[in-house]
Amino acid sequence: MNLKEKIIAQSKLLGIDKIGFASAEPFDHLEESLREQKAKGHTSGFEHPVIEERIYLERTFENPQTIISIALAYPTKVHEKVPRDEKRGQFARASWGIDYHDILRERLAKLIEFIQMEATSQQESEEWRFAPQVDTGELIDVAAAQRAGLGFIGRNGLLITEEFGSFVYLGEIVTNIQFTPDEPVPFGCGDCMRCVTACPTSALLGDGRMNAQRCLSYQTQTKGMMPEEYRKKMHNVIYGCDICQLVCPYNKGKDFHFHKEMEPEVEIVYPKLKPLLSLSNKEFKETFGHLAGSWRGKKPLQRNALIALANLGDRSALPEIWQAAHDVRPVIRGTAAWAIGKLGKREPDIWQPRLVSWLEEEKEAEVREEIEKALLLLSK
Ligand code: B12
Ligand code: SF4
Ligand code: SF4
């Protein structure tokens, strides 16, 4: 076996579901599009900020030769019933189990360790260099994976593999070792436009690009007030969005449970919403700290829990929401005011006077605006 074949064989033993090799040539066919997207304000701000470094690997790595791209499939269904006891939220599937960054980084570290052991001389082992990346690196993970033959980029902007659909996490290693590259997979959407039409916010542009500012996945991860148009559309998904994947024919019936670290716990990935509102920092870290979806901290999830309670029409949560209306964080107060406007309609006699006296005290403009809107709703 040559080194490439040995790496492929070892990757299976390490729990890597798909691996491919790509040249480290510049991704210059994406440069114009990346600049245009940034100029139009279509990016989320979570992307690596320096476009040149995303395109030209030699900017951050001396003599790059190959990108070794990996994919790990993740589960899409929970095998227990979600209890119907009280109103619950949902985390998108990419936030089920232990944070995928940790899982993939560990797999990549083991793969690098293996390759290093395969060096045939001291000199080779000293010359070989590796830069592992998962999500937060310079590279455009889907573009690297596409070039490495793992799959194609669909109209939803995601990497779609033949075996596992798009429910895969991606990672890669840039190295100065030269390998024979694999064949890229051609575009496979054909005439299908399902994701584009199913996207509730029209975020997908139709050619694999998106206006990330309009994506619910982005909107659930912001720290400020969520613009009103997205609140209802978020429904009860307090982190991420899976709609453009769930409708994709390539994902039909795909549900892989290969990695025990990725197994979802129902109580965590479908959390009760009311208790979420009053979690201490310690409780939050203990319960949700291991999820990818906790990376922005407690506040966005609590804001989203307030929105979800309103969307689900849970009037029994009004006492907890009123508690949140006294929170020190303006975003939580403002969102609580909006939720009261939605849920308090049956008891305007209780909620109108409370909101009026709150308005007299409230100093923050964005919170005042929400209280005023809520009062308007209650008066209808
Ligand atoms: C920023 C980011 C986001 C942002 C913006 C998403 C986006 N599409 O740009 C937000 C927060 C919205 C987001 C959401 C999600 N994300 Co995200 N995200 C990223 C991140 C960090 C960077 C993406 C990026 O650089 N975008 C900017 C550019 C590349 O986007 P673009 O302009 O649309 O470019 C596309 C076009 O150029 C098109 N294209 C290709 N060839 C050509 C040729 C021409 C001529 C043209 C015009 C276009 C074109 O393909 C490019 C890539 O999509 C990557 C990790 C990484 N380092 O790459 C993960 C990543 C893409 N996310 C991932 C996941 C899982 C998600 C979610 C599913 C999570 C969830 N359940 O909520 C959603 C899906 C939303 C969606 N449909 O894309 C995975 C995707 C795995 C996969 N199978 O593809 C990644 C790869 C992370 C990982 N390492 O696993 N994400
Ligand atoms: S993740 Fe949701 S909001 Fe974002 S593009 Fe896909 S369907 Fe649209
Ligand atoms: S839903 Fe259709 S258009 Fe969208 S990614 Fe899947 S195959 Fe492509």
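How about the range 127-158: which of its residues are over 16 Å from Cys189 (Cα atoms), outside any helix (DSSP H, G or I) and hydrophobic (A, V, I, L, M, F, W, C)?
Trp128, Phe130, Ala131, Val134, Leu139, Ile140, Ala148
Which residues, counting only those in the range 25-43, are at negative phi, surrounded by fewer than 16 Cβ atoms within 10 Å (Cβ to Cβ) and in a loop (DSSP other than H, G, I, E, B)?
Glu25, Lys40
Can you find a residue in the range 51-61 that is in contact (Cβ under 8 Å) with a residue 24 or more places away in the chain, within 19 Å of the chain's Cα centre (by Cα) and more than 12 Å from ligand 1 (Cβ to nearest atom)?
No: the range 51-61 contains no residue that is in contact (Cβ under 8 Å) with a residue 24 or more places away in the chain, within 19 Å of the chain's Cα centre (by Cα) and more than 12 Å from ligand 1 (Cβ to nearest atom).
Please go through the range 228-273 and give me each residue that is more than 16 Å from ligand 1 (Cβ to nearest atom) and either at positive phi or among the aromatic types (Phe, Trp, Tyr) (or both), ordered by number.
Hit for the range 228-273 is Gly253, nothing else.
Here's the yes/no breakdown for (1) open to solvent by 60 Å² or more (accessible area, probe 1.4 Å); (2) among the hydroxyl-bearing types (Ser, Thr, Tyr); (3) not in a strand (DSSP E or B):
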residue	(1), (2), (3)
Ile160	no, no, no
Ile177	no, no, yes
Gly190	no, no, yes
Val196	no, no, yes
Pro200	no, no, yes
Gly208	no, no, yes
Gln213	yes, no, yes
Tyr218	no, yes, yes
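Restricting the search to the range 272-305, which residues are closer than 21 Å to Lys233 by Cα, out of contact with any helix residue (DSSP H, G or I) (no Cβ under 7 Å at 6 or more places or on another chain) and surrounded by fewer than 22 Cβ atoms within 10 Å (Cβ to Cβ)?
Of everything in the range 272-305, those that are closer than 21 Å to Lys233 by Cα, out of contact with any helix residue (DSSP H, G or I) (no Cβ under 7 Å at 6 or more places or on another chain) and surrounded by fewer than 22 Cβ atoms within 10 Å (Cβ to Cβ) turn out to be Lys272, Arg296.
Only one of (1) touching a residue at least 40 places away in the same chain (Cβ under 8 Å); (2) closer than 20 Å to Asp99 by Cα; (3) out of contact with any Phe, Trp or Tyr (no Cβ under 6 Å at 6 or more places or on another chain) fails for Thr161. Which number is that?
(2) is the only condition that Thr161 fails.
Just give me the residues in the range 237-267 being within 23 Å of Gly289 (Cα to Cα), more than 13 Å from ligand 2 (Cβ to nearest atom) and open to solvent by 20 Å² or more (accessible area, probe 1.4 Å), in sequence order.
First, pick out the residues of the range 237-267 that are within 23 Å of Gly289 (Cα to Cα): 237-242, 257-267.
Imposing the further condition that a residue be more than 13 Å from ligand 2 (Cβ to nearest atom) reduces the set to 238, 257-267.
His257, Phe258, Lys260, Glu261, Glu263, Glu265, Glu267 - these are the residues of the range 237-267 that are within 23 Å of Gly289 (Cα to Cα), more than 13 Å from ligand 2 (Cβ to nearest atom) and open to solvent by 20 Å² or more (accessible area, probe 1.4 Å).
Name the single residue that is least open to solvent (accessible area, probe 1.4 Å) among those in the range 306-358 being farther than 17 Å from Glu369 by Cβ and outside any helix (DSSP H, G or I).
Asp314
So for the range 124-137 (the condition being on the phi > 0 side of the Ramachandran plot and buried (at least 21 other Cβ atoms within 10 Å of the Cβ)), does at least one residue qualify? Can you show your working first?
Residues of the range 124-137 on the phi > 0 side of the Ramachandran plot: 135.
Remaining after also requiring buried (at least 21 other Cβ atoms within 10 Å of the Cβ): none.
For the range 124-137, residues on the phi > 0 side of the Ramachandran plot and buried (at least 21 other Cβ atoms within 10 Å of the Cβ): absent.
Out of all the residues in the range 146-154, is one or more within 16 Å of ligand 3 (Cβ to nearest atom), of a type outside the set (Lys, Arg), surrounded by 17 or more Cβ atoms within 10 Å (Cβ to Cβ) and under 18 Å from the mean Cα position of the chain (by Cα)?
Filtering the range 146-154 for residues within 16 Å of ligand 3 (Cβ to nearest atom) gives 146, 150-154.
Filter again for of a type outside the set (Lys, Arg), leaving 146, 150-154.
Filter once more, so that each one left must be surrounded by 17 or more Cβ atoms within 10 Å (Cβ to Cβ): 146, 150-154.
From what is left, the residues that are under 18 Å from the mean Cα position of the chain (by Cα) are 153-154.
Yes, the range 146-154 has at least one match.
Every residue in the range 65-88 that is open to solvent by 20 Å² or more (accessible area, probe 1.4 Å) and touching a helix residue (DSSP H, G or I) at 6+ places or on another chain (Cβ under 7 Å), please.
To start, the set of residues in the range 65-88 that are open to solvent by 20 Å² or more (accessible area, probe 1.4 Å) comprises 65, 77-87.
Residues satisfying the conditions are Val78, Glu80, Val82, Glu86, Lys87.
Taking the stated definitions as given, is Pro300 over 24 Å from Pro227 (Cβ atoms), modelled with pLDDT of 95 or more, part of a helix (DSSP H, G or I) and of a type outside the set (Phe, Trp, Tyr)?
Details: over 24 Å from Pro227 (Cβ atoms): no; modelled with pLDDT of 95 or more: yes; part of a helix (DSSP H, G or I): yes; of a type outside the set (Phe, Trp, Tyr): yes.
Against the criterion (over 24 Å from Pro227 (Cβ atoms), modelled with pLDDT of 95 or more, part of a helix (DSSP H, G or I) and of a type outside the set (Phe, Trp, Tyr)), Pro300 does not qualify.
The values are calculated or read from the model by the stated rules, or taken from the named source; none is laboratory data. Everything quoted here is computed from the prediction, not taken from an experiment. So basically every Cβ, Gly included, is an ideal-geometry build from the backbone, and we count neighbours across all protein chains shown. Only protein heavy atoms, including side chains, enter the accessible area calculation; ligands, DNA and RNA are left aside. Shrake-Rupley method; radii C 1.70, N 1.55, O 1.52, S 1.80 Å.
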